[in-house]
Amino acid sequence: MQRKKNSSNNWETNQGSSRRGGRCSTVAAVCLGLLCVLLLAAIGLLWFKFSGEREDLSKSFSDLDGWRYFRSSMYYISTESKSWSEGRQFCRERGADLAIISSREESEFIVKSMGKGWIGLTDTDTEGTWRWVDGSALTTGFWRSGEPNSKVGDEDCVATGGGYDPVWNWGDYPCNHQFVWACEKRIFN
């Protein structure tokens, strides 16, 4: 009988192990199932978020049609002619402003891109005090010989591209003259 008891005890011990193993397998399966559900939910949320961002990015790129990159700014060169203030309004409606030129290379880039056209420089507030559209004072100018001159009276706005020199070609003109213009969106300040 002792053998049966031991046999019986072993059988009961084995049966208990088997039951515990079954419970562990069930708990593991439930946890794995919950993990799968959570992963699927996370993937769904990421896909939804990515789809929205992709549409926003696509819209941003389409809004930049016609814009060109140079150094740390995007530039839009118009194809139609308007007054200085109309050109500026066009730029501002697109989150930009008329171009502010701070280097010889930038001036050359703009002149090569548009020829004769408006930039964001004016002395409308105080005659002879040239300021950029952001309010900063002109420190480096690329005036054509004899400019600025207010030759025909009230010449308060600046256009590039007058004359043959690719750099020294700025001139002051009446702000109501019709020229193309250059908008600038700064990417990095």
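Among the residues of segment 134-153, is any modelled with pLDDT of 95 or more, in contact with a helix residue (DSSP H, G or I) (Cβ under 8 Å, 6 or more places away or on another chain) and not aromatic (F, W, Y)?
No: zero hits.
Take segment 157-189 and flag every residue that is in contact (Cβ under 8 Å) with a residue 40 or more places away in the chain, acidic (D, E) and part of a loop (DSSP other than H, G, I, E, B).
Listed by number, the list is empty, since nothing qualifies.
Might you check whether a residue that is surrounded by fewer than 14 Cβ atoms within 10 Å (Cβ to Cβ), of a type outside the set (S, T, Y) and not in a loop (DSSP other than H, G, I, E, B) occurs anywhere in segment 74-88?
Filtering segment 74-88 down to residues surrounded by fewer than 14 Cβ atoms within 10 Å (Cβ to Cβ) leaves 79-80.
If we keep only those that are of a type outside the set (S, T, Y) too, we end up with 80.
Next, only the ones that are not in a loop (DSSP other than H, G, I, E, B) stay: none.
No, segment 74-88 has no match at all.
Looking at the structure I just gave you, is S102 assigned to a loop (DSSP other than H, G, I, E, B), under 16 Å from W143 (Cβ atoms) and either modelled with pLDDT of 95 or more or assigned by TED's automatic domain parsing to the domain that holds P148 (or both)?
On the way: assigned to a loop (DSSP other than H, G, I, E, B): yes; under 16 Å from W143 (Cβ atoms): yes; either modelled with pLDDT of 95 or more or assigned by TED's automatic domain parsing to the domain that holds P148 (or both): yes.
Yes.
Any idea how many residues of segment 167-189 are within 18 Å of R92 (Cα to Cα) and among the β-branched types (V, I, T)?
Residues flagged as within 18 Å of R92 (Cα to Cα) and among the β-branched types (V, I, T) within segment 167-189 amount to 2.
So if I check each of V152, V167, which one is more than 19 Å from R71 (Cα to Cα), surrounded by fewer than 15 Cβ atoms within 10 Å (Cβ to Cβ) and among the hydrophobic types (A, V, I, L, M, F, W, C)?
Answer to the check: V152.
Identify the residue in segment 120-145 that is loosely packed, with under 15 Cβ neighbours inside 10 Å and in contact with a strand residue (DSSP E or B) (Cβ under 9 Å, 6 or more places away or on another chain) and, among all such residues, is nearest to Y76 (Cα to Cα). Before the answer, list the steps.
Here is the first cut: in segment 120-145, the residues loosely packed, with under 15 Cβ neighbours inside 10 Å are 124-129, 134-137, 139-141, 145.
Among the residues that remain, those that are also in contact with a strand residue (DSSP E or B) (Cβ under 9 Å, 6 or more places away or on another chain) are: 124-125, 129, 134, 137, 141.
Numbers: T124: 24, D125: 26, T129: 27, D134: 18, A137: 23, G141: 21 Å.
Ranking the qualifying residues of segment 120-145, first place goes to D134.
The values are calculated or read from the model by the stated rules, or taken from the named source; none is laboratory data. This structure is a prediction, so every number in the text was calculated from the model and none was measured. Every residue, glycine as well, gets a Cβ built from its backbone with ideal geometry; the counts of neighbours run over all protein chains shown.
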